[in-house]
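Here, each number is a calculation from the coordinates, and none is a lab measurement. Values in this document were obtained by computation on a predicted structure and should not be read as measured data. Using ideal geometry, Cβ is built from the backbone for each residue, glycine included, and neighbour counts are taken over all protein chains shown.
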């Protein structure tokens, strides 16, 4: 079933998808959806593939998408091993056709990126043309899970306005792995270890500076609030970030390089790098109550996730001039009707296209006459 919006609505002003095609993606052998609506609703039973569609959209942005999946985990069971997701999108640079995927005959599962028919190296070109944020049930553990998940969230938001940020994070981690490998094997190549620590210190300060700036901008956007939801306060904490708030960047770089040298023996014995931005954390608080999100109830954490997501969308719009698309996976089940209405209304007001999934149509009744509805059944769109 495909139901177009009853009212005369205009195409979103922010990031949006006009046509999405999937090939051998999760449970979708072949999938195609076209829309010109600001809100798109995907309904269907559990396991039909609604979330898979949203995941495909999320993979049109830098990173591993909303599930954090490796390329080899995405191809449809029984297929030749490759997969593809492609879309005609509207974004900061206007209209583009972008795609990601893996060829079936590849042995390394390296993900390929295509933009307007050309093969691109890396994923920076995706960030320049399309951005999306998502709310999923799996994100419920963001505030109480490992700090790595919160760092990854902050880095993804930072990369929307500075695509090179992801590369700096990767370079830092690569140098860290090489140093640790040399220390664990008892290498006497001090010159090489010195060089790796200098590289780590340089990258670490750049990464920490970007995180501080991103957290500050997120906090300012979060202060504007979302009706019926708590206002979030966002900060980033870590040894490198703390130094940068007190001393010049070059001094912080020198200090980290000295610390890494002092910790060589301990790191070689423990097998982990003791200090650096890989141990930093994004801290989210309820602004009014000064309560850490990690200390709140499950309901309070879900509400703060909404505030954090909306703050991220506002920050991206301020930075790029184009609101990201919002992917809301099964969010209706978690809120009462009043909060659902506020969530849907304010998501639309942000300006980017909004994609919403749900198994229970009654929980999406606020969207009955204004969204483009698609019924997903067994890996297909029933038009």
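When only Cα pairs below 8 angstrom with a gap of at least 6 residues are kept, the stretch 140-321 shows a relative contact order of 31 percent.
In a fully extended conformation the segment linking residue 80 and residue 120 would gain 12.0 nm over its present Cα-Cα distance, using 0.36 nm per residue.
Between residue 254 and residue 198, the modelled labels are 1.5 nm apart [label points 7 Å from Cα along Cα→Cβ].
For the peptides 341-347, 200-206, the ranking by mean Cβ contacts within 10 Å, running from highest to lowest, is 200-206, 341-347.
Do you know the relative contact order of the stretch 264-383, to the nearest whole percent, from alpha carbon pairs under 8 angstrom that are 6+ apart? Relative contact order of the stretch 264-383: 16 percent. According to the calculation over all Cα-Cα pairs in the stretch 140-321, the P(r) per 10 Å bin from zero is 10, 34, 30, 18, 7, 1, 0 %.
Within the listed set 308, 93, 256, the residue fluctuating most in the Gaussian network model of the chain (springs between alpha-carbon atoms under 10 angstrom) is 93. Each stretch of four or more DSSP H residues adds -39500 (n - 2.57); spread over every residue of the chain, this sum gives -12500 deg cm²/dmol at 222 nm. Here the simple spin-label model places points 7 Å from the Cα toward Cβ, and for residue 178 and residue 95 these points are separated by 4.5 nm.
Length available on full extension from residue 298 to residue 377: 0.36 nm per residue minus the Cα-Cα distance, which gives 25.4 nm. Once the Cβ-Cβ distance between residue 369 and residue 338 is put in as r, and R0 is 22 Å, what FRET efficiency do you end up with, to the nearest 0.05? The formula returns an efficiency of 0.75 here. DSSP beta bridges fully contained in the stretch 214-372 are about 70 percent antiparallel.
With a Förster radius of 22 Å applied to the C-beta separation of residue 112 and residue 13, the computed FRET efficiency comes to 0.15.
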